[in-house]
1. Kindly provide the set of residues from region 42-60 that are over 21 Å from Leu151 (Cβ atoms), in contact (Cβ under 8 Å) with a residue 12 or more places away in the chain and of a type in the set (Lys, Arg), ordered by number.
2. I'm trying to understand the selection: among the residues of region 184-204, which are polar (S, T, N, Q), without any contact (Cβ under 8 Å) to a residue 60 or more places away in the chain and either in a loop (DSSP other than H, G, I, E, B) or closer than 17 Å to Val234 by Cβ (or both)?
3. Applying the selection to region 112-129, what residues are open to solvent by 10 Å² or more (accessible area, probe 1.4 Å) and closer than 19 Å to Lys158 by Cα?
4. Kindly list the number of the only condition in (1) touching a strand residue (DSSP E or B) at 6+ places or on another chain (Cβ under 6 Å); (2) open to solvent by less than 70 Å² (accessible area, probe 1.4 Å) that fails for Ile212.
5. So if I check each of Leu88, Leu48, Leu11, which one is touching an Asp or Glu at 6+ places or on another chain (Cβ under 7 Å) and more than 19 Å from Asn259 (Cβ to Cβ)?
6. Could you pull out the residue among Thr98, Thr109 that is modelled with pLDDT of 95 or more, among the hydroxyl-bearing types (Ser, Thr, Tyr) and surrounded by 14 or more Cβ atoms within 10 Å (Cβ to Cβ)?
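The values are calculated or read from the model by the stated rules, or taken from the named source; none is laboratory data. The structure presented is a predicted model; accordingly, all values stated were derived computationally and were not measured. Cβ placement follows ideal geometry from the backbone for every residue including glycine, while neighbour counts extend to all protein chains displayed. Surface accessibility is based on the protein's heavy atoms, side chains included, excluding ligands, DNA and RNA. Shrake-Rupley method; radii C 1.70, N 1.55, O 1.52, S 1.80 Å.
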Amino acid sequence: MYNKIFRINDLEFKIDDILNIAWQAGKEIMEIYNKDFEIEYKDDKSPLTQADKNSHEIIKKGLNKYNLPLLSEEGKSIPYEQRKNWDLFWMIDPIDGTKEFIKKNDEFTINIALIKNNTPIFGVVYAPAIDEIYFTDNQYSYKATLTIDNLELQNIKKLPFLKNKDKFVIVASKSHLNDETKEFIENIEIDKQKEFISKGSSLKLCMVATGIADIYPRLAPTMEWDTAAADAVVRKSEKVCYNFKNKKPLVYNKESLLNTWFVVE
């Protein structure tokens with residue numbers, strides 16, 4: 001697959017190993033996705049499926065060998081007092097875009113991020129329904145083709161690979177486009193013609209990382225695990241995901257795991 005080692009401090013791992021974990025979770029998810037499945041609702045009214053649970057267990061088991069803490073949407077009850085001193089840990093979202101998964105529109109991802117000192121330094125974003133995977137190494141970000149039938153990366157491209165477009169492309173949420181985001185989009189001043197694309201899950205951040213989209217404003221709630229892996233991809237593609245109010249990069253492992261409003265460009 002991708003025969004490189006990721007190193008940080010005393011930790012090192014084969015990038016292939018993490019890609020393989022995401023692929024295994026993707027295979028499990030797609031088996032459920034292609035059948036009828038039940039939907040539960042958590043206390044916050046957000047949907048939950050067996051695919052979320054199974055993906056969580058596969059990723060957790062795969063990452064256990066690195067002996068690092070893990071923070072997941074399906075295991076988010078760890079008290080801040082316990083996690084505030086974590087200097088290196090995994091942050092995962094077993095399925096980002098559960099609403100898209102339920103709608104069966106293919107725009108959902110598996111997100112695996114490594115966080116160091118509140119900053120994402122490594123990320124894998126796998127969209128198994130559309131055979132796309134985004135990942136980083138110690139220096140750069142990449143997009144590749146990865147199908148659930150064959151654990152072999154194809155068409156690996158360093159990001160960004162698309163520049164100097166005729167139009168200014170704005171990508172925003174398929175399920176959460178609110179008035180504040182609409183107003184932000186309307187107020188963008190640019191000489192080029194604006195083009196708007198609606199997309200689900202963390203694929204929006206990845207579209208900016210590739211250069212397909214120029215900007216992604218998210219003036220609505222998200223959680224840290226929604227963005228961490230794709231934020232790593234963004235940062236290593238020489239783009240930035242920043243706090244809407246203070247223009248500083250997003251910070252992770254806060255006491256509240258709710259992201260601030262942010263913009264990616």
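1. We begin by selecting, within region 42-60, every residue over 21 Å from Leu151 (Cβ atoms); these are 42-50, 52-53.
Subsequent filtering for residues that are in contact (Cβ under 8 Å) with a residue 12 or more places away in the chain retains 46-50, 52-53.
Within region 42-60, Lys53 is the sole residue that qualifies.
2. Residue satisfying the conditions is Asn187 alone.
3. Ile121
4. (1)
5. Just one listed residue meets the conditions, Leu48.
6. Every option except Thr109 fails the conditions.
The rows are residues; the columns are (1) free of Cβ contacts under 8 Å to residues at least 60 places away in the same chain; (2) in a strand (DSSP E or B); (3) open to solvent by 70 Å² or more (accessible area, probe 1.4 Å); (4) out of contact with any Ser or Thr (no Cβ under 6 Å at 6 or more places or on another chain).
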{"position": "Gln139", "(1), (2), (3), (4)": "no, no, yes, yes"}
{"position": "Thr145", "(1), (2), (3), (4)": "yes, yes, no, yes"}
{"position": "Glu152", "(1), (2), (3), (4)": "no, yes, yes, yes"}
{"position": "Val169", "(1), (2), (3), (4)": "yes, yes, no, yes"}
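Residue-wise test of (1) open to solvent by 70 Å² or more (accessible area, probe 1.4 Å); (2) touching a Cys at 6+ places or on another chain (Cβ under 6 Å); (3) closer than 24 Å to Phe108 by Cβ; (4) not in a loop (DSSP other than H, G, I, E, B).
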position: Cys206; (1), (2), (3), (4): no, no, yes, yes
position: Tyr216; (1), (2), (3), (4): no, no, yes, yes
position: Ala220; (1), (2), (3), (4): no, no, yes, no
position: Asp226; (1), (2), (3), (4): no, no, yes, yes
position: Ala232; (1), (2), (3), (4): no, no, yes, yes
position: Glu238; (1), (2), (3), (4): yes, no, no, no
position: Val251; (1), (2), (3), (4): yes, no, no, no
position: Thr260; (1), (2), (3), (4): no, no, yes, no
position: Val263; (1), (2), (3), (4): no, no, yes, yes
